[in-house]
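The values are calculated or read from the model by the stated rules, or taken from the named source; none is laboratory data. The structure displayed is predicted, hence computed values, not measured ones. Here Cβ is always computed from backbone atoms with ideal geometry, including for glycine, and neighbour counts include all displayed protein chains. Just the protein is used for accessible areas: all its heavy atoms, side chains included, with ligands, DNA and RNA removed. Shrake-Rupley method; radii C 1.70, N 1.55, O 1.52, S 1.80 Å.
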Amino acid sequence: MYSLKELQELIHTRIENLQTGGEPKALYEPIQYVLSLGGKRIRPALCLLSYQLFNSSEPDDSIIYPAIALEVFHNFTLLHDDVMDDADMRRSMPTVHKKWDTNTAILSGDAMMIKAYQYMAMCPGKFMPEVMKEFNDLALGVCEGQQYDMDFETRNDVTVDEYLEMIRLKTSVLIAGSLKIGAVIGGASERDKGLLYDFGENIGIAFQLRDDYLDTYGDPAVFGKNIGGDIVNNKKTFLLLKAMQKAQGHVKDELEMWLKTTDGDDGKKIEAVRDIYDELGIPALSQALMNDYFERSMKALDEVKADDDLKADLKQFAVNLIDRVK
Ligand code: IPE
Ligand code: IPE
Ligand code: MG
Ligand code: MG
Ligand code: MG
């Protein structure tokens, strides 16, 4: 059985040694670049932690490659997401479309998705149909979520429920699917596979709520992404939706004015909208909702039939995810 730290080292080394180079360089260099920038690598870690709940044999390539596939897939979504969000920085470095160009981010991203499928297909043959169904479902879910995310930028009547469904799709289904794929390859029961998925779905929502919070309130030097991009893009985050709900009188007028200001001084807009959030007490509401989803995730995990010490590792991992500063 590997500790979380050992699993993370394993993932790190295996990703570092992945053969992602080759010709044409303009296709493969950006792939090596983004993968070398690290990141938290939470999806493969969750996959392997989940696998270990049900299988005590040492992780071999037939689980390690699928775990890596999830990380490569995640990184592919980031290349395209950064184009869609016009984001300049990721992991404290220039995004691929800024360092190279948009076409590079599109095509290297496409190649990464195909690589991800190749790695996923290295799962044990008997689990292939089920693993591929999960992978296809989560991949399509991310696309659906990303489309809602963009649709919502220009809508001002988005509800909190619609927002929660959007983040479930764009973020949670990959986290939930990572846990489920680990459970499938680990040989878990139907019930436990479902519970791990529920755990991931809820922790994923808490994770994206935290991401949205950090986009406004994070420390740019630590977070590694530019602060305020969500405000500039009128992203319908929980923070903004709650502020639109609660604002009255001149505060409401001011918020509406900023939503219409799409080509002014970004810094000014970010500061003004953040002040409105503060005035309305929005950060505490976001924290409360995050805690709520964290509790839901714990209920699902509690019910999984597996060793309590191993489940404690997953629980600690989940705690770290929602307390994170990057
Ligand atoms: C960023 O994911 C995209 C979201 C779903 C919020 P991570 O926060 O896991 O990014 P890295 O991989 O650690 O950089
Ligand atoms: C991204 O949400 C989710 C996916 C990449 C699919 P965000 O757009 O908030 O992620 P960041 O903040 O750029 O990492
Ligand atoms: Mg983004
Ligand atoms: Mg986005
Ligand atoms: Mg974000």
Quiz prompt | Qualifying residue in region 153-162 (condition: modelled with pLDDT of 95 or more, open to solvent by less than 10 Å² (accessible area, probe 1.4 Å) and in a helix (DSSP H, G or I)) | solution = no
Self-check item: Residue within region 298-320 that is open to solvent by 70 Å² or more (accessible area, probe 1.4 Å) and not in a helix (DSSP H, G or I) present
Solution: yes
Quiz item: Going through region 267-282 one residue at a time, which ones are part of a helix (DSSP H, G or I) and surrounded by fewer than 16 Cβ atoms within 10 Å (Cβ to Cβ)?
Solution: Gly267, Lys268, Glu271, Asp275, Asp278, Glu279
Quiz item: Going by the conditions given, is Lys299 within 26 Å of the chain's Cα centre (by Cα) and basic (Lys, Arg)?
Solution: yes
Practice problem: Output the number of residues of region 38-97 satisfying the condition of being over 18 Å from the mean Cα position of the chain (by Cα) and of a type in the set (Gly, Ala, Ser). | Solution: 3
Quiz item: Which of (1) touching a residue at least 24 places away in the same chain (Cβ under 8 Å); (2) open to solvent by less than 30 Å² (accessible area, probe 1.4 Å) does Asp82 not meet, given it meets every other one?
Solution: (1)
Exercise. Could you give me the residue pairs with C-beta distances under 7 Å whose first residue belongs to region 216-236 and is acidic (Asp, Glu), whose second residue is within 10 Å of ligand 2 (Cβ to nearest atom) wherever it lies, and which are 6+ apart or on separate chains?
Key: Asp230/Asp212; Asp230/Asp215; Asp230/Thr237
Exercise. Pairs only if they're at least six apart or on different chains, beta carbon under 8 angstrom, first in region 87-99 and under 11 Å from Gly39 (Cα atoms), second of a type outside the set (Asp, Glu) and open to solvent by less than 30 Å² (accessible area, probe 1.4 Å); list them, first residue then second.
Key: Arg90/Val34; Arg90/Leu78; Arg90/Gly224; Arg91/Gly38; Arg91/Gly224; Ser92/Gly224
Self-check item: Residues (surrounded by 14 or more Cβ atoms within 10 Å (Cβ to Cβ) and assigned to a loop (DSSP other than H, G, I, E, B)) located in region 93-142
Solution: Thr95, Trp100, Ala121, Met122, Cys123, Pro124
Exercise. Tell me which residues, restricted to region 211-248, are open to solvent by 50 Å² or more (accessible area, probe 1.4 Å) and either assigned to a helix (DSSP H, G or I) or within 14 Å of ligand 2 (Cβ to nearest atom) (or both).
Key: Tyr213, Tyr217, Pro220, Ala221, Val222, Asn226, Gln245, Lys246
